[in-house]
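A quick write-up on the structure given underneath.
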Amino acid sequence: MDQQVTMQESLNGDTSLQAQSVEPATWRDYVQLTKPGITLSNLMTTFAALWLASFGFPDWKLAFFTMLGTALVIMSGAALNNFYDRDLDKKMERTKNRALPAGRISARNALLIGIGLLLAGLAVLAVFANPLAAVWGLIGHIFYVLIYTPLKRVTTLNTVIGGISGAAPPVIGWVAVTNNMDPAAWLLFLVLFLWQPPHFLALAMLKTEEYRAGNLPMLPVVKGFAETKRQMMLWGSVLFPASILLFIHGSVGYVYLIVMGVMGLVYMVLLFQGFNAKDDLAWARKLFGYSILYLTVFCAAIVISTMVHYY
């Protein structure tokens, strides 16, 4: 009986929220449910990989539908992540006013939106790109929603496991063109997988007290800042050579090698500075900002270097 009540509350939202008078959801609430910032950053890597696989001459119809399908799948993952985490979001200052924990969007609607977006995205990828692209969309979605999201509550390894879902979008872009998991596809996956732990651990340092309030076992909460910085250095040390492997494989030109060589060295210097940082939060904020710049430059370097190399 208790399980039946719990399931009913899960679908209809918390009873305490239903009893309150809340404002109706706006279109912005529904947009934020899909985490547009995360969606756009992932689409950036999808496009870069698609561009590279096309040697700078993409089929624009294929590119459009690949980006659309990928966006829908990512938006679905964000909506379902918000659905699952709505109880935690109520405990944290920066998330308690989101539409779902605040009651402006019901849990049932968020669930239906998430499922609908997933089905639409997979259909677009399967029909207008190829089934392999849809399979990778599903792989990324499963790791994000069904594996990473629950594990966020139980283990510090959630950041690493979540990296698999974040590394799927460039693979979708690549296989949409090639319909093949060749070495370049795996290298793109590797670079994006390795990029994520330093990025998200820096964010976890900045939000340590909020994660502690939500009783989430993020690495800075469980192991402290010193261990977090050591692990960030480890991941960054592997990311640097992995990014160069993309050039050695022959997929990109010298513009990429020079730009990412410089970006990688700067990243290593910033990571090393963390061990002597007097203000850990200021350092984490700087590193978090640089990691976003690194990803943006990585994608731009692929596009520009491909144009120089093949045009």
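Details
- FRET E, pair LEU293, LYS223, Förster distance 25 Å, beta-carbon r, rounded to 0.05: 0.40
- Taking the Cα centre of the chain as origin and assigning +1 to Lys and Arg Cβ atoms and -1 to Asp and Glu Cβ atoms, the resulting dipole is close to 420 debye.
- 13 Å beta-carbon shell around GLU93, net charge (K/R +1, D/E -1): +4
- Over the chain: helical MRE at 222 nm, DSSP H runs n ≥ 4 each giving -39500 (n - 2.57), nearest 500: -25000 deg cm²/dmol
- Debye, to nearest 20: dipole size of segment 182-310, +1 on Lys, Arg Cβ, -1 on Asp, Glu Cβ: 240 debye
- Working ranking of peptides 289-297, 302-310 by packing, defined as the average number of other Cβ atoms within 10 Å per residue, highest first, is 302-310, 289-297.
- ARG98 contributes an accessible area of around 90 Å² to the protein surface, as traced by a 1.4 Å probe with all chains present.
- Counting only the Cα atoms, the chain fills a convex hull of 127 Å³ per residue.
- With 0.36 nm allotted per residue and the present C-alpha distance subtracted, the ILE142-HIS249 stretch has 35.6 nm of extension available.
- Counted residue by residue at 0.36 nm each, then reduced by the alpha carbon distance between them, the extension gain from ARG230 to ASN97 reaches 44.5 nm.
- Relative contact order of the chain, taken over Cα pairs closer than 8 Å and 6 or more residues apart, is 19 percent.
- Accessible solvent surface per residue of the chain, calculated while the other protein chains remain in place, 1.4 angstrom probe, Å²: 46 Å²
- Whole-angstrom Cα spans of segment 201-247 along principal axes, big to small: 44, 17, 14
- Mean separation of Cα contacts under 8 Å (6+ apart) over length of segment 182-310, as relative contact order %: 32 percent
- When the Cα positions of PRO169, ILE105, PRO150 are compared along the charge dipole of segment 29-180, ILE105 comes out farthest toward the positive end, with charges on each C-beta of Lys, Arg, Asp and Glu.
- ASN215-ASP279 FRET efficiency (beta carbon distance; Förster radius 30 Å; 0.05 resolution): 0.70
- Fraction of accessible area attributable to carbon and sulfur, the chain (%, probe 1.4 Å): 67 percent
- Most mobile of ILE248, ILE105, ILE142 in a GNM of the chain (Cα contacts under 10 Å): ILE248
- Considering only ASN276, ASN82, ASN179, the Gaussian network model of the chain with Cα springs below 10 Å gives its largest mean-square fluctuation to ASN276.
- A full extension of the chain between LEU40 and LEU119 corresponds to an added length of 26.5 nm, given 0.36 nm per residue minus the alpha carbon distance.
- With N the number of residues in segment 29-180, Rg(Cα) / (2.2 N^0.38 Å) evaluates to 1.06.
- Cα-based values for segment 182-310, radius of gyration first and Dmax second, are 15.9, 52 Å.
The values are calculated or read from the model by the stated rules, or taken from the named source; none is laboratory data. Because the structure is predicted, anything quoted here is derived from the model rather than measured. Positions of Cβ are generated from backbone atoms using ideal geometry, with glycine treated the same way; all protein chains shown enter the neighbour counts. Note: accessible area is taken over every heavy atom of the protein model, side chains too, but ligands, DNA and RNA are not part of it. Shrake-Rupley method; radii C 1.70, N 1.55, O 1.52, S 1.80 Å.
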